[in-house]
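No value in this document is a laboratory result; all are computed from the given coordinates. Keep in mind the model is a prediction, meaning the values are calculated, not measured. Positions of Cβ are generated from backbone atoms using ideal geometry, with glycine treated the same way; all protein chains shown enter the neighbour counts.
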Amino acid sequence: MNLLPDSQQQEIIDATAGFLESEFPLSRLHESEEPVPISRELWQTMAELGWFGLGLSEELGGTGFTLAEEALLFRELGRVLAPTNVLAASLAVRVASLAHQSELAESIIGGNQRVAIAETADMESTLGENVTGRFRCIDGSDVELVLCSSAQGFALVTRDALGQGDVVPCMDEHTHLEIFDIGGLPALAFAPTEMDSIQNRGSVLAASMLVGSSEAARDQATEYAKERQQFGKPIGVFQAIKHKCADMASRCEAATWQTFYAALAVRDGHADATFQASAAKLLSAKAATENGQANILVHGGYGVTAEYDAHLFLKRSHVLDLLIGTHGEHLTRVLHEPTAA
Amino acid sequence: MDLDLSSEDERFREEVRDWLHENVPKEPAPPYGPEYREYCRQWQRTQFEGGWAGISWPSEYGGCGLPPIRQMIWHQENARANAPAVGVNFVGLNHGGPTLIACGTEEQKAYHLPRILRGDIVWCQGFSEPSAGSDLAALKTRGVVDGDDLVVNGQKIWTSYAEHADFQELLVRTDPDASKHGGISWLICDMNLPGVEVRPIKTMTGHSHFSEVFYTDVRIPLSNMVGELNDGWRVTMATLSFERGTAFMSGQIELAKVVESLIELAKNTTGPDGRRPAIQDDGIARSLGMIRAEVSALRCLTLASISRALESEMPGPEGSITKLFYADLSMRVRQLALEILGGQALERTPQGWTNEYLGAFNVAIGGGTSEIQRNIIGERVLGLPRDRNRK
Ligand SMILES: Cc1cc2nc3c(=O)[nH]c(=O)nc-3n(C[C@H](O)[C@H](O)[C@H](O)COP(=O)(O)OP(=O)(O)OC[C@H]3O[C@@H](n4cnc5c(N)ncnc54)[C@H](O)[C@@H]3O)c2cc1C
């Protein structure tokens, strides 16, 4: 047993972090007040880095790593508040592959088709050969495919087939939010929840992004608490602030290790995989939103300004929180699924 | 101790209710901009003309000279009638005016108080600076006496509604050699004076609620000083005690209504199981129940402040307890709204719950952060030793 990344995994972390720092600096979010889709070139570069098929075996055209490495990648993506399209793409690749649509899978892996995720917005929706219901599509302004997600599984449809949805302003100004009412649209590929533990994989990846966001908020608050002076001292000297930062750190730790554990339990097909994945999603959502709030409060007046980053973490964590299953669904699973032996 | 309102109070309530029924504007407030200022001022003027402005302000300055309980009845009836919020008149009515009543000269009172009540002039608060927020007494904006004027240079930040304001509560350092609290003066600054520059700051809700204000050789007549030269901290304490003690009274009363609309929301929104209304979810129902009890306690805290106000002119440090309780509850009410809304919480509408959630941080920071309120409660209410880390 070892929950720590090994040296090869550490390399993935370092390389990813370096790449994201130059390609996805947080400053980009201050250059535009609107969602900026990932450019075609950048998407292509990500494809070349092997991100979209990272956890897929080489026989199936993937990079040959596992969910553990994917979790590490998505944690880094979460840190820089990257759009959710990479998450959508890696689940879409697996859905296509499970549905024996190898050409479709290859095309996504190769970066030829970009993907957004659309989460169910009502309980009447059905996913299968056909897709019906209302869906909230995230970061879908410039993509070719949409991955519809509900408790029933995932279904892939073309963006064109959806027509024009209802674009609504999102809580997070950098998230493109579009609502689609879909009536019996044939799916390009469908994978039910249990198949290859696909939904648990989705939960782990969303949890990893939430972990990244909660860590970044913790780091930002801590840095600020060291620098900002009031009463002739850095505000971190005051226990009210020190303890806030400490609480942020403990929420991160709990969420991180729960998420890594879940990644391994799902990867290795353990009996408690569903329990672990849902627990990871719940813990990481809690860490990300609560750290997002605390980060704003530690920044005082600066925290509520558009110019500082603090609010961006909070808003983004609410978006991620709503991907791959509701709180209610995850709570039900952690209550009824078998836990670790 | 009793809960009874006198028959005069009851009659007052009925009169208020009738008047509001006739006079509350039908059209909602514009969200921001000069139209918002005009809307707030017009509503204030309507109240003044109806004889309802400044319920507990002295009658010689245009107020009604009534006991604070009437002020509360007024706020309650306003909430019930969906009357507009105080908006840009917050500072003038809630702590600028009251500070003048407590510490101003006759001339200052005679000029400003009736104009505030009529909605002719808007006040703002220039206390905080970029490096003096919680540590307000560290402020650096300089005021130098030159003849009959103070010449002011420096910068303020987070000045709410500065772009709409005609006058400002301005704190300046007039004696840099005195002790930290000993060299500050409290001024009335005319925002239209040459050398005053207002630069709006955008907040995370997308609006510019507040601004930076820059002062370059601004000449303010010494007659605009409230209290004595270098005696501004005493006046500041009065302002802050109003700000923390009574200023949020209407917001507190309003919150009870917000909780009722949250309960409505829970009845009309599908709950986490996707079938029944949210209110039938045990978790949500319990949280709603607790929050409804807490907002009742907030109302009682407000009543206690009013009862205390019957005995002393100035609210005491207990006001910080109410402010802390209010800030915490405001946030939790909005968090529960997000929980009830589920995915719908991402959809943002100008007057919707999502915006209210983002706005709820303002209450926990503006008017002194919750951490600072806790320090005040610990040290000034409970008499705990002062934190030696603080200079
Ligand atoms: C919506 C809004 C409206 C405002 N309107 C006005 C206005 O009209 N006029 C005006 O003058 N100001 C206004 N303010 C400013 C407000 O009063 C300050 O933001 C507040 O006092 C905090 O100061 P700061 O922002 O500098 O944060 P800081 O003082 O830097 O605080 C940063 C963090 O450190 C904590 N902290 C600091 N010192 C201590 C300590 N000793 N112990 C424990 N914790 C501590 C704070 O609680 C906070 O969490 C407004 C602020 C907001 C958010």
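So the values come out like this:
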read-out	value
Burial ordering of A:Met1, A:Met248, B:Met331, A:Met195, fewest other beta-carbon atoms within 10 Å first	A:Met1, A:Met195, B:Met331, A:Met248
Calculated diffusion of segment B:248-381, Stokes-Einstein form, Kirkwood radius summed over Cα pairs, 4 °C and 1.567 mPa s, µm²/s	81
Relative intensity, log₁₀ I(q)/I(0), of the protein assembly as shown from a Debye sum that treats every alpha carbon as a point, q = 0.07, 0.08, 0.09 Å⁻¹	-0.55, -0.71, -0.86
Sequence-distant aspartates and glutamates (8 or more away, or on other chains) whose Cα lies within less than 18 Å of A:Lys233	A:Glu223, B:Glu129, B:Asp135, B:Glu371, B:Asp387
Most fluctuating residue given options A:Ala116, A:Ala89, A:Ala99, as computed from a GNM of chain A linking Cα atoms under 10 Å	A:Ala99
Alpha-carbon Rg/Rh ratio, for segment A:1-89, with Rh computed the Kirkwood way	0.99
For segment A:269-325: span of alpha carbons on each principal axis (Å, largest first)	48, 18, 12
Selected from B:Asn89, B:Asn78, B:Asn23 as most flexible by GNM, with chain B as the system and alpha-carbon contacts under 10 Å	B:Asn23
Pair-distance profile P(r), taking every C-alpha pair of segment A:196-336, with 5 angstrom steps and integer %	2, 12, 20, 19, 16, 11, 9, 6, 4, 2, 0, 0
Kirkwood hydrodynamic radius of segment B:124-229, Cα pairs, Å	13.7
Where N is the number of residues in segment A:72-132, Cα Rg divided by 2.2 N^0.38 Å	1.28
Candidate lysines for bridging to A:Lys286, where Cα separation is under 19 Å - those fewer than 8 sequence places away on the same chain excluded	A:Lys244, A:Lys315
Footprinting exposure proxy for B:His21, B:His181 (fewest neighbouring C-beta atoms within 10 Å first)	B:His21, B:His181
Reachable lysines, given that their alpha-carbon falls under 20 Å from the alpha-carbon of B:Lys156 and they are not under 8 places away in the same chain	B:Lys140, B:Lys180, B:Lys202
Cα-based equivalent ellipsoid, segment B:211-261: semi-axes from gyration tensor eigenvalues, Å	35, 16, 8
Relative contact order of chain A, pairs being alpha-carbon contacts under 8 Å that are 6 or more residues apart, as %	16
Test item: Cα-centred dipole of chain A, Lys/Arg +1 and Asp/Glu -1 on Cβ, debye	1100
Helix B:232-245 vs. chain B, principal-axis angle (Cα, 0 to 90°, nearest 10)	10
Computed E for A:Leu3/A:Ser57 - FRET, C-beta separation, R0 25 angstrom, nearest 0.05	0.60
Computed FRET value (nearest 0.05) for B:Asp273 with B:Arg332, which takes r as the C-beta separation and R₀ as 30 Å	0.85
At 0.692 mPa s and 37 °C, Stokes D of segment B:78-139 from Kirkwood alpha-carbon radius, µm² per second	246
Diffusion coefficient, µm² s⁻¹, Stokes-Einstein with Kirkwood Rh over alpha-carbon pairs of segment B:31-88 at 25 °C and 0.890 mPa s	202
Farthest positive-ward along the protein assembly as shown dipole, Cα basis, beta-carbon charges - from A:Gln230, A:Gly61, B:His164	A:Gln230
Calculated P(r) tail over 12 Å for segment A:217-279, as whole % of Cα pairs	70
Which of A:Lys286, B:Lys156, A:Lys315, B:Lys391 has the fewest Cβ neighbours within 10 Å, and the rest in rising order	B:Lys391, A:Lys286, A:Lys315, B:Lys156
Choice from A:Phe65, A:Phe260, A:Phe231 with maximal GNM fluctuation in chain A (Cα, 10 Å cutoff)	A:Phe231
Against the rule of thumb 2.2 N^0.38 Å, how large the Cα Rg of chain A comes out	0.96
Hydrodynamic radius by Kirkwood, which averages 1/r over all alpha carbon pairs of segment A:1-150, in angstrom	16.3
Calculated P(r) tail over 26 Å for chain B, as whole % of Cα pairs	56
In degrees, nearest ten, helix B:68-80 long axis to first principal axis of chain B (Cα)	50
Two-decimal Rg/Rh across segment B:179-306, once Rg and the Kirkwood Rh are taken from alpha-carbon atoms	1.19
